[in-house]
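A quick write-up on the structure given underneath.
The values are calculated or read from the model by the stated rules, or taken from the named source; none is laboratory data. Fair warning: this is a prediction, and the values are worked out from it, not measured in the lab. Reconstructed Cβ throughout: ideal geometry from the backbone, glycine too, with neighbour counts over all protein chains shown. The protein model used for the area step is the full one, side chains on, heavy atoms only, and it has no ligands, DNA or RNA in it. Shrake-Rupley method; radii C 1.70, N 1.55, O 1.52, S 1.80 Å.
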Amino acid sequence: MTTKAPWSDGPLCYGGDWNPEQWPPHVWREDIALMRDAGVNLVTVGVFAWSRLEPEPGRHTLDWLDRILDLLHPAGIRAALATPTASPPPWFSLRHPDALPVTADGVRLTHGSRDTYCAAAPAYRDAARSIAGVLATRYADHPALALWHVHNEYGTTCHCPHAEAAFRRWLTGRYGDLDALNDAWVTSFWSQHYTDWAQVGTPRATQYLANPGQLLDFRRFWSDTLLSAYTEQRALLRAANPAVPVTTNCVLGDWVPIDHARWAREVDVVTIDHYPTTADLGAEEQTAFAADLARGWARHGAGHAAPWLLAESAPNQIHTAGRMHTKEPGRMTRHSLAHVARGSAGVMFFQWRAPAGGAERFHSAVVSHAGADTRVFREATDLGAALARLAGTAPGRVEASVAIAYDAASGWALRHPGMPRAGLDHPGEAAAAHRALWHAGVAADVVPPGTPLDGARLLVLPALYLASDATIDWVRRHVDAGGHLLVTWLSGVANEHARVRLGGYPGAYRDLLGVRVEEFHPLADDEEVPLTGGGTGRIWSERVHLAGAETVRAYAGGVLDGRPAITRRRVGDAYVWYVSTRPDDDTYRRLLTEAARLAGATPTCPDAPPGVEAVRRHDTDGSLLYLLNHTDRPQRVPAAGFELLTGATVDGVLTVAPGGVAVVREEPS
Ligand code: GAL
């Protein structure tokens, strides 16, 4: 990743997706006036505008986009100009039926929504390059252009003949020959041994459980294929003007076949879309986790702390399963500034103006169906003013001395059929460890394996199922350098091909941890097993043998009664822990706090009252303390310095308003 982001030392980015193609020109002018009122300085334009840019194959209608960029520039608003390749027009489907996606069941999809293409189909790739090239030629030197936004949320898969052929080519590149593939996928099982590449296909619907290695590689193949679709557009955009940064917005969730860590190296700034999925405090927990995840990808991509950008978030709604929850006053600002606190170079919304129709007509917007005389618009304007006061404070380094490992492929592998329990969830376990620390006020980085761990006193591996030799080496180097380690159940059980590492679990780490796991005892959804010292274990339990470690907590009841549940071993001056079950939230919080304390990782603001989130960032001017009050009462927090949002001097104690945020430029101690 390069570091040419134009916002690095300027104002924070503020704006969102703007879809002027949905509106007549008088609304464009009204929108731009409102954007200026709200302090907007960046809008993402044209994400789904392909059919308006190329209504017929090869006929381009760009006049409206010329006018849009020409209106934005004098208004001081810059464009993140999108390539519209996530939504090919209907003519594309009729002209290239072979480029429409096929599901695992063999059903060919058609247009009518978005994302109806196979990214391995030559016709799609040609059409995508063509429209990207047209935009590059026309706009690469436009003064309003700040950033290229390629596509939207890459994440589709396909099983058509093009995809199958491309999968075989990818596998040939990965394994060289069929012997290596047969070995990695353990095709000796169920007579799956391949003797000709023509026999190897995508994991289409089959009679019973599919091969785990094949499923895992299919995800990796799509990550790489989609990445090449991105990089070929990037090449065209960069060729037209190398000074303009290029990115694509990432959607989160382990259903997405994207290895974000790998992609982070290919974008000029990591961007994420973030939408919490629960209306309770879980929304704040998820926000902190997503932002730390994005920061970890940015650091992984750059090799050092780097800014990233919240490319989409919802101004006034949280979409829970089956219901849109309206965000309470102040919540949008807290969510937005929680991202900024953790290194986002700004705040972008989906979307600027709510559409009058279409599938997402009731989705969140700054300018709603009611217009701009609304609570949400006033809050957005206040947020714009707050961000302006924070200009020049990004990016900096977030203070954290715990690192939680996160690996896309481990998440995919645990989803495979035939695991000892359904619902195994590496991202969920990473989030659970993060949540436990978040409630204890201890800041954590979330990093892909291999990321430099400078500053991390404690490394947590949360159900990090896959362990390549390189990952094992990364963990060992951390411990050899005196770092503490906490490994949870199912970590290091398999190698990178999902082949089990034999000799007792967890094959990758048992010697280091001083344990040997003989047998799994997965728990039912509603089952709990008591632990000595209080608390319970959930989801999972194991028959653990000590082989150098000592028992910290034992199972107290059931078939594992009296056997080790949580163990610890001393390595030099550090501890390495093994946790063979998922402790209940309170027990997990206490356990991780203790492991962090012993490692020298303490809360960011030890005297902050419960419900106040504290994030400290260091930059060249010193340190900034973000305080987010998630309670409905004023909260007093020890702090000293200068509060940037109000301009007040803080002399020892700061009162943060109910649901409010404060940002203190701290006095050097
Ligand atoms: C995002 C997507 C947007 C819009 C939004 C709705 O994931 O990129 O285009 O669909 O969700 O919440």
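Being more than 15 Å from the ligand (Cβ to nearest atom) and open to solvent by less than 10 Å² (accessible area, probe 1.4 Å) is the filter here, so list the residues in segment 343-357 that pass it.
Of everything in segment 343-357, those that are more than 15 Å from the ligand (Cβ to nearest atom) and open to solvent by less than 10 Å² (accessible area, probe 1.4 Å) turn out to be G343, S344, A345, G346, V347.
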Point to revise | Qualifying position, being free of Cβ contacts under 8 Å to residues at least 60 places away in the same chain and not in a loop (DSSP other than H, G, I, E, B), among L486, L459 | key: L459
Revision key, fill the gap. Counted residues in segment 305-325 being crowded, with 20+ Cβ neighbours inside 10 Å, without any contact (Cβ under 8 Å) to a residue 60 or more places away in the chain, of a type in the set (A, V, I, L, M, F, W, C) and within 16 Å of the ligand (Cβ to nearest atom) come to 3
Practice item. Filter the strands (runs of 3 or more DSSP E) completely within segment 244-323 down to those with at least 1 residues that are touching a Pro at 6+ places or on another chain (Cβ under 6 Å) and not basic (K, R). Key: 317-320
Review point. Does segment 302-309 contain at least one residue that is in contact with a Cys (Cβ under 8 Å, 6 or more places away or on another chain) and modelled with pLDDT of 95 or more?
Key: yes
**Study point:** Qualifying residue in segment 6-14 (condition: within 22 Å of E266 (Cα to Cα), modelled with pLDDT under 95 and in contact with a strand residue (DSSP E or B) (Cβ under 7 Å, 6 or more places away or on another chain))
**Key:** yes
Review point. Going by the structure shown, is D105 more than 16 Å from the ligand (Cβ to nearest atom), acidic (D, E) and surrounded by fewer than 23 Cβ atoms within 10 Å (Cβ to Cβ)?
Key: yes
Study note, to complete from the structure: For segment 583-600, pairs from a residue that is closer than 14 Å to V460 by Cα to a residue that is open to solvent by less than 10 Å² (accessible area, probe 1.4 Å) and among the aromatic types (F, W, Y), with Cβ under 6 Å and 6 or more apart or across chains, are A595/W577
Exercise for review: Among residues belonging to segment 268-281 that are open to solvent by less than 10 Å² (accessible area, probe 1.4 Å) and either away from the ligand (no atom under 15 Å from the Cβ) or at pLDDT below 95 (or both), point out the one that is farthest from G343 (Cα to Cα).
Suggested key: D268
Review point. Which of the residues that make up segment 47-83 are of a type in the set (K, R) and in contact (Cβ under 8 Å) with a residue 12 or more places away in the chain?
Key: R52, R67, R78
Review point. In segment 408-433, how many residues are open to solvent by 10 Å² or more (accessible area, probe 1.4 Å) and under 23 Å from S336 (Cα atoms)?
Key: 3
**Study point:** Within segment 332-342, tally of residues that are more than 16 Å from the ligand (Cβ to nearest atom) and either at pLDDT below 95 or farther than 20 Å from G296 by Cβ (or both)
**Key:** 2
Study note, to complete from the structure: The condition from (1) surrounded by 14 or more Cβ atoms within 10 Å (Cβ to Cβ); (2) assigned to a loop (DSSP other than H, G, I, E, B) that E613 misses is numbered (2)
Exercise for review: Could you pull out the residue among P101, P97, P161, P143 that is touching a helix residue (DSSP H, G or I) at 6+ places or on another chain (Cβ under 7 Å) and not polar (S, T, N, Q)?
Suggested key: P143
Check your understanding: How do the pairs read when you match residues in segment 10-29 that are within 20 Å of W148 (Cβ to Cβ) and touching a residue at least 24 places away in the same chain (Cβ under 8 Å) with residues anywhere that are basic (K, R) and assigned to a helix (DSSP H, G or I), using Cβ under 8 Å and keeping only pairs 6 or more apart or on different chains?
Key -> E21/R52
Study note, to complete from the structure: Picking from E360, E328, the residue that is within 16 Å of the ligand (Cβ to nearest atom), out of contact with any strand residue (DSSP E or B) (no Cβ under 8 Å at 6 or more places or on another chain) and either open to solvent by 30 Å² or more (accessible area, probe 1.4 Å) or part of a loop (DSSP other than H, G, I, E, B) (or both) would be E360
Review point. Which of the residues spanning segment 285-295 are closer than 17 Å to G428 by Cβ and open to solvent by less than 30 Å² (accessible area, probe 1.4 Å)?
Key: T287, A288, F289, A290, D292, L293
Review point. In segment 182-206, which residue that is touching a Lys or Arg at 6+ places or on another chain (Cβ under 8 Å) and within 16 Å of A498 (Cα to Cα) is surrounded by the fewest Cβ atoms within 10 Å (Cβ to Cβ)?
Key: V186
Review point. Does A86 meet the test of being aliphatic (A, V, I, L, M), open to solvent by 10 Å² or more (accessible area, probe 1.4 Å) and in contact (Cβ under 8 Å) with a residue 40 or more places away in the chain?
Key: no
Check your understanding: Is it true that R397 is open to solvent by 10 Å² or more (accessible area, probe 1.4 Å), at pLDDT 95 or above and charged (D, E, K, R)?
Key -> no
Exercise for review: Among the candidates A405, A385, A391, A365, single out the residue that is open to solvent by less than 30 Å² (accessible area, probe 1.4 Å), touching a residue at least 40 places away in the same chain (Cβ under 8 Å), hydrophobic (A, V, I, L, M, F, W, C) and away from the ligand (no atom under 16 Å from the Cβ).
Suggested key: A405
